[in-house]
Amino acid sequence: VTERKLVSENIEYGKMNYSYSTGGYTNYPSTSSSLLSTYTYATTVTYNNNTSTTYTFNYKHLNTVKQYYNGTTIYKEITTAYNTDKLPTSVVTVDYDGSLSRTTTELYTYDNKGNILTYISPKAEGNSSTTEYITTYTYDEDVYVEPYEEDPYTIYYYNMPLSVTYKQDASTTIRKEYTLSEDHMSVLEECIYVNNVLKSKTEYTYDNYG
């Protein structure tokens with residue numbers, strides 16, 4: 001694709017032009033295993049208002065950098081790092097205003113099923129050890145059962161959320177707790193605590209369609 005636009009009664013709208021940097025490859029590689037780990041390639045989308053966005057990808061075909069331009073002047077850059085499961089672990093955004101710039105960082109961790117465990121907001125300024133600007137999540141876990149005189153087995157559940165905890169400010173901690181149905185497939189109740197004091201409770205009921 002080199003150009004995309006909407007046309008109505010011979011009038012063009014939303015025209016976008018595409019250009020590509022292949023990193024020296026003449027054909028699109030079929031698998032990341034055939035690429036060097038340092039390999040990158042890019043796509044630039046240019047809009048009809050003289051702005052453009054360049055998307056840079058790594059050898060695993062993950063979008064690692066987005067650069068936003070007004071003419072030839074960059075005004076925003078977003079850099080994303082990923083874990084081995086291809087989930088984002090950090091997102092660093094730099095906003096430019098002439099010779100000035102502002103950098104914000106968001107950090108993420110996950111469990112082995114891809115559920116988010118922690119999110120650290122830009123207010124932490126990239127400090128992964130913060131206790132003030134972190135949101136933590138817990139989930140329903142599988143159960144390993146060792147019955148008497150029977151072979152052990154695992155009951156696999158659905159990773160439903162059990163709690164979300166964060167600080168509203170330095171002296172206020174919010175915790176949301178969820179009570180699940182017997183089959184672990186639905187949330188029956190949500191309780192919201194402020195500094196360990198119950199402030200609200202919501203109960204849910206479901207029809208036969210869930």
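The values are calculated or read from the model by the stated rules, or taken from the named source; none is laboratory data. What you are looking at is a predicted structure, and each value in this text was computed from that prediction instead of being measured. Cβ coordinates were reconstructed from backbone atoms using ideal geometry, including for glycine residues, and neighbour counts include every protein chain displayed. Only protein heavy atoms, including side chains, enter the accessible area calculation; ligands, DNA and RNA are left aside. Shrake-Rupley method; radii C 1.70, N 1.55, O 1.52, S 1.80 Å.
Listing for the model above:
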item: Conditions (1) over 30 Å from Lys60 (Cβ atoms); (2) surrounded by 13 or more Cβ atoms within 10 Å (Cβ to Cβ): number failed by Gln168; result: (2)
item: Total residues in region 127-144, condition in a loop (DSSP other than H, G, I, E, B) and open to solvent by less than 40 Å² (accessible area, probe 1.4 Å); result: 2
item: Subset of region 44-57 [closer than 14 Å to Tyr20 by Cα and either in contact with an Asp or Glu (Cβ under 7 Å, 6 or more places away or on another chain) or not β-branched (Val, Ile, Thr) (or both)]; result: Ser52, Tyr55, Phe57
item: Candidate set from region 103-121 (those that are outside any strand (DSSP E or B) and open to solvent by less than 50 Å² (accessible area, probe 1.4 Å)); member that is farthest from Leu162 (Cα to Cα); result: Ser121
item: Breaking point among (1) within 27 Å of the chain's Cα centre (by Cα); (2) open to solvent by less than 70 Å² (accessible area, probe 1.4 Å), for Met185; result: (2)
item: Check on Asn83, closer than 24 Å to Tyr119 by Cα and without any contact (Cβ under 8 Å) to a residue 40 or more places away in the chain; result: yes
item: Every residue from region 98-113 that is basic (Lys, Arg) and under 24 Å from Ile74 (Cβ atoms); result: Arg102
item: Given (1) under 26 Å from Tyr193 (Cβ atoms); (2) of a type outside the set (D, E, K, R); (3) open to solvent by 90 Å² or more (accessible area, probe 1.4 Å); (4) modelled with pLDDT of 95 or more, index of the condition Thr173 fails; result: (3)
item: Contacts under 8 angstrom Cβ, first residue in region 1-22 being under 16 Å from Tyr47 (Cα atoms), partner open to solvent by less than 60 Å² (accessible area, probe 1.4 Å) and among the aromatic types (Phe, Trp, Tyr), 6 or more apart; result: Val1/Tyr18; Thr2/Tyr18; Glu3/Tyr18; Arg4/Tyr18; Tyr20/Tyr41
